Structure formats: C-alpha cells, structure tokens
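**Q** This is the structure I have questions about; it appears just below.
Quick note: the coordinates plus some simple rules give every number you see, no bench work behind them. Not measured: the values here are computed from a predicted model. Note: ideal-geometry Cβ built from the backbone for every residue, glycine included; neighbour counts use all protein chains shown.
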Amino acid sequence: MVDNAGMDTRLDFDRYDHVRPIRWTGDALQLLDQRNLPFAVEYVACRSSDEVAAAIHALTVRGAPAIGIAAAWGVVLAARTIDALDGAEAARKLEPAMQRLNAARPTAVNLAWALARMRRALADAGPDWRERIEREARAIETEDLAANRHMGALGANLIAPGSGVLTHCNTGSLATAGFGTALGVIRAGVAAERIARVFAGETRPWNQGARLTVWELQQDGIDATLIADAAASHLMQSGQVQWVVVGADRICANGDTANKIGTYQLAIAAKHHGLKFMVVAPSSTVDMDTASGDLIEIEERDAAELLAFRGERTVAEGVHAWNPVFDVTPHALIDAIVTEKGVVERPDAARMRAAFPG
Ligand code: MRU
C-alpha cells in the first residue's frame, strides 16, 4: 500500500513498537509507571477515577495522547460507583469525577478532548450507557494508534534520505496508545532509510528524553544518541541534523504550539541554522477554540523537580527555582504540522482553518 503521501507504509509495526503504557484489564487500568523507567518496568493498577487523576498528575502516565486515553478509562472506572437509568443521568452523576480528571494537568488539550468525547457518548446513550462509554474509551485508544501510524508515514515523507533528526521529550509509544507521534515519524523514517541519525535531548528536569526516549528506541533496535539539552545548538551547527521533530500538547488555531519546555529554544536555534522544524500530533491535540499561544495555560510544577534528582537534593538548601514545564513555539518558527488528517506546511490561522474547518 502506498499512502497518499506517496510513501510505502507497509511497516512491520510489531518490530517497531514494543512498549504499551496503558492496559485496560476489565476491572482496573494498569499504567506503566514512567517515574521509574528505565530501571524498573512495572505497572501500577488504578481502580478508581481519582487514582487515575492522581497518576496523571504524578506523571505515572504522561504524554498528551496517553493522558487523554487514561482519563477516558478513568470515566469507565468512575461509572462503577454509580447507578443510572440512562446516559443523561450517568453524565450528571459522573461530572464531578470528570472535572477532577480534567484538573489533573492543564496544558495538554487531549485530556479535555477525551472527556468531551466521553460526555458526548453519554449524551447519546440509553440504558446501555455502560457498554457505550467502554466502547468509546476503547475507540479513543485504537484511533490514536491508527493516527500515529499514519502520521509516521506522512512525516517521514517530508524528510530527505540520509537526514539527521533531533527530538525532544518523549513522544513515543510511552506517550500515546502506541507507535508515537514525533517518535513515530522517526520510527517510520528510520524504517524507510530516510533518517540516518537520531539525536534526543535529555529534557531536563524530568529527563523524558534520557530516561524514556532513548530507552524506547533501544527496545526497537534503533540507534539514538543522547545529548544534553544545552548541546542542541552546537549539534545543529555541526551539520549532523536537518530536522527537529517534536510532539505537541496543544496546537492553537493559528498554529502556535505548546510542547515540553525547551521546544521553543530548539525552534529558534533551528531557524538560525536553516534547519526544518516539524510538529507531529493527532488532531485531538488541535484546539481551534484557542486563538493563539499566549492564551494557553502553562503548567508549573513543584520546584523540587529542579532542586533534586530521584529524591536526592542536588542544589544548595535555600535556593529557589521556577519550573514551567511547557513553552509555546510561535507558528512562524514551524515548517510543518503533521496530523493524521494531513500536513499543514508553514502553518498560520488561514491554513489551520482550511485544514480543520468547523
Ligand atoms: O510532561 P509530559 O512528559 O507529559 O510532556 C510531554 C510532552 O511535552 C510531549 O512532547 C507531548 O505531550 C506530546 S506526546 C506524543
């Protein structure tokens, strides 16, 4: 099969996709505990929606699509605690639990998007509302995996054979239902022999790149080189990378994109060095109701994440720190936004409106 991007998409997905962050077992949501990777590969069981909300807040599960999927299953768990004759009554009773899930993290729109889908499923449902929301949670998960596989082909097709890429944070199977967004493009690009060199920034302070991305690629047998975040401009100057490929937590109506802190400075440095900058995210990350990036709430986390590593203080007592965990890359610095619906090149408000009407 040749997809509409003109690239052969017959990837051996089983070879390139080994990790699953979320497993629904019928009575619990099993989450791969990303706080302890790569040294312990352990699942924790959530049996209530509040346990899911706490796991999202604590980064047990993280990555924009993955927290949306987890929240959807959280609604299914909350449904176990109520009785209702139809979907409308269930929706009223489940609303407080949905609001607590929504409040777990503010920046990634996928969380609110998934909960809105669950609300819509309930609104349509009669006495079979329990089956209906379980089907909806499953659909959110399977659609994400399909979107990622498609985006992988679309994004890889933009990259010239023999290129080097730099990525940031973790956007792989760990952050999604599987395959990943930016990391999916990297998987597809390596498979198609378009990508010859992969670099990952460590992504301080939580080290998603160092702890998660290079480990995940290692599971696939994809060679990747870890760099300190501070080495990115030097790497670009060396000529070893042609693209920066990142994910997103929220893409606004004008193309401004919130992603992991440090993304913005990579985009500035890429522009300076004449490199291309690609954002890869499912359409569930596109928020056409937010006009521009200055309107996005940027999560700020506990300064302790900066002052200590794995519980051990690394900074002098009494020092203060500021820990915003996302930043906004202005659309003018982005060459392509890839979603499962297609590629928006040089995004702006008009091109986004054309790509995401209504
Ligand atoms: O704080 P995190 O680890 O949840 O942040 C994740 C990111 O910023 C990712 O780049 C983004 O969610 C896209 S994941 C496919």
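**Q** Give or take rounding to whole Å, what are the principal axis extents of the alpha carbon atoms in segment 89-199, in descending order?
**A** Its Cα atoms span 57, 26, 18 Å along the three principal axes.
**Q** Which distance in nm do the two modelled labels at Asp50 and Ala103 give, with both placed 7 Å along the Cα-to-Cβ direction?
**A** Rounded to a tenth, the inter-label distance reads 1.2 nm.
**Q** Of Pro21, Pro106, Pro96, which is the most mobile in a GNM of the chain whose springs link Cα atoms less than 10 angstrom apart?
**A** In the Gaussian network model the winner is Pro96.
**Q** Dipole of the chain (Lys/Arg Cβ +1, Asp/Glu Cβ -1, origin at the Cα centre): which of Ile186, Leu31, Ala137 lies farthest to the positive side?
**A** So the residue furthest toward the plus end is Ile186.
**Q** Still on this structure, please answer the following. Is the shape of segment 150-355 rounded, prolate or oblate, going by the alpha carbon gyration tensor and its root eigenvalues a ≥ b ≥ c, with a/c under 1.5 for rounded and a/b larger than b/c for prolate?
**A** It comes out oblate by the Cα gyration axes.
**Q** Quick check: the distance between the Cα centres of segment 57-127 and segment 233-298, to the nearest angstrom?
**A** The distance from the Cα centre of segment 57-127 to that of segment 233-298 comes to 28 Å.
**Q** Turning to a different aspect of this structure: Taking the convex hull of the alpha carbon atoms in the chain, what volume per residue do you get, in Å³?
**A** Per-residue hull volume (Cα only) is 137 Å³.
**Q** Build a GNM of the chain with springs between Cα atoms under 10 Å: which of Gln34, Gln240, Gln208 gets the top mean-square fluctuation?
**A** Most flexible of the set in this elastic network: Gln240.
**Q** Give the order of Trp73, Trp24, Trp113 when sorted by the count of other beta carbons within 10 angstrom, beginning with the fewest.
**A** Fewest-to-most Cβ neighbours within 10 Å comes out as Trp24, Trp113, Trp73.
**Q** Can you tell me which of Gly68, Gly172, Gly162 moves the most in a GNM of the chain? Springs connect C-alpha atoms under 10 Å apart.
**A** In the Gaussian network model the winner is Gly162.
**Q** Please compute the modelled spin-label separation between Ala58 and Ser292, points set 7 Å along Cα→Cβ, answer in nm with one decimal.
**A** Distance between label points: 4.0 nm.
**Q** Can you list the lysines whose alpha carbon is less than 25 Å from that of Lys260, not counting same-chain residues fewer than 8 positions off?
**A** The qualifying lysines are Lys271, Lys276, Lys341.
**Q** Here's a follow-up. Quick check for me: using +1 on Lys/Arg Cβ and -1 on Asp/Glu Cβ, what's the dipole size of the chain about its Cα centre, in debye to the nearest 20?
**A** Around 280 debye, computed over the chain.
**Q** Further question: Would you list the membrane-span-like helices of the chain, meaning whole DSSP H runs whose alpha-carbon atoms span at least 18 Å along their axis and whose mean Kyte-Doolittle value is at least 0.5?
**A** Helix filter hits for the chain: 64-79.
**Q** With an 8 Å Cα cut-off and a minimum separation of 6 or more residues, compute the relative contact order for the chain in percent.
**A** This gives 15 percent for the chain.
**Q** So if a site counts as exposed when it's one of the trypsin sites (Lys or Arg not before Pro), its DSSP state isn't H, G, I, E or B, and it has at most 14 other Cβ atoms within 10 Å, what's the longest stretch of the chain without one?
**A** Between exposed loop sites, the widest span is 81-309.
**Q** Rounded if a/c is under 1.5, else prolate if a/b is larger than b/c, else oblate: which is segment 38-85, with a ≥ b ≥ c the root eigenvalues of its Cα gyration tensor?
**A** Prolate shape, in that a/c is at least 1.5 and a/b is the bigger ratio.
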